[in-house]
Structures are given as structure tokens and as C-alpha cells.
Amino acid sequence: MRASALLRGRAMNAALRACALALAALVVGGCGPSEADWRSASSWSLTAVAVARAWERGEVPTRYARRALQKAADELAKGPLPEAGAPVDELRQALERGDREAVRQLVSELAAR
């Protein structure tokens, strides 16, 4: 085999490896949560706090607040930080018990995060 053919082969292998590494980096980077995922999670968290505050003040019916908090907890559980759904579900449970003091406390904790 001629030296030029060996060099082309090595250069091609190096180029293929570099291309494969770049593609792998793109794939791995694309697997993480997107900015839109984070915005959605933030929006659901803010929605949960707003609904709970409105319920605590008697401005929205329990049935509406329960359904909105359940939806927020479900969506957060599917998002980039799945454990964020648990505190919202805890908030929903306090609401179902009619425990306005617990809702007030949980809202304060959630709003501080």
C-alpha cells in the first residue's frame, strides 16, 4: 500500500471519529430539558401558587382549584424536574382537606423556591 493511501485512510478515520463525536455531543445535548421545558415548569409552578392563593382567599371554588392543582402537579411531574410535582400535589391534598392554614404555609414555601 502506498504511503499516500495510508495517510488518506488515517485522515478519513480521524475525520469520521471527529464527526461521530460531534454527532454524539449533539444527540446527548439534545436529550436534556430545553429552555421551553424549563419555562413550562416555571409557568405551572406559578400557576399552582396563584390558584392556591386565590382559593385560600375564597376567590375560586374548591373544585376548580383541585383540578388546576392536579393538572399542575401532573405536568410538573412530566417536566425537567419531576420531583417538583410532589409539593404541588401536597398543596392539592391540603386544599381537599379544607386546611387553609396548611395551604398558606405550603404556598409560602413554594413561592420561596
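Over region 35-112, what is the relative contact order in percent, taking alpha-carbon pairs closer than 8 angstrom and at least six residues apart?
Relative contact order, region 35-112: 32 percent.
Quick check: net charge around residue 113, other residues with Cβ under 14 Å of its Cβ, Lys/Arg +1 and Asp/Glu -1?
That sum, taken over residues with Cβ under 14 Å, equals -3.
Compute the signed sum of charges (Lys and Arg +1, Asp and Glu -1) over the other residues within less than 11 Å, Cβ to Cβ, of residue 80.
Result for the neighbourhood of residue 80: -1.
For region 44-84 and region 94-112, what is the separation of their C-alpha centers, rounded to whole Å?
Centre-to-centre distance over Cα atoms comes out at 11 Å.
Need one number for region 35-112: average projected area of the convex hull over its C-alpha atoms, nm².
Over every viewing direction, the Cα hull of region 35-112 projects on average to 4.4 nm².
Taking the Cβ of residue 33 as the center, what net charge do the other residues with Cβ under 12 Å away carry, scoring Lys and Arg +1 and Asp and Glu -1?
That works out to 0.
Rule-based calculations on the coordinates, nothing more; no lab input. Here the structure is a predicted model, which means the values were calculated and not measured. Glycine also receives a Cβ, built like all others from the backbone with ideal geometry; neighbour counts cover every protein chain displayed.
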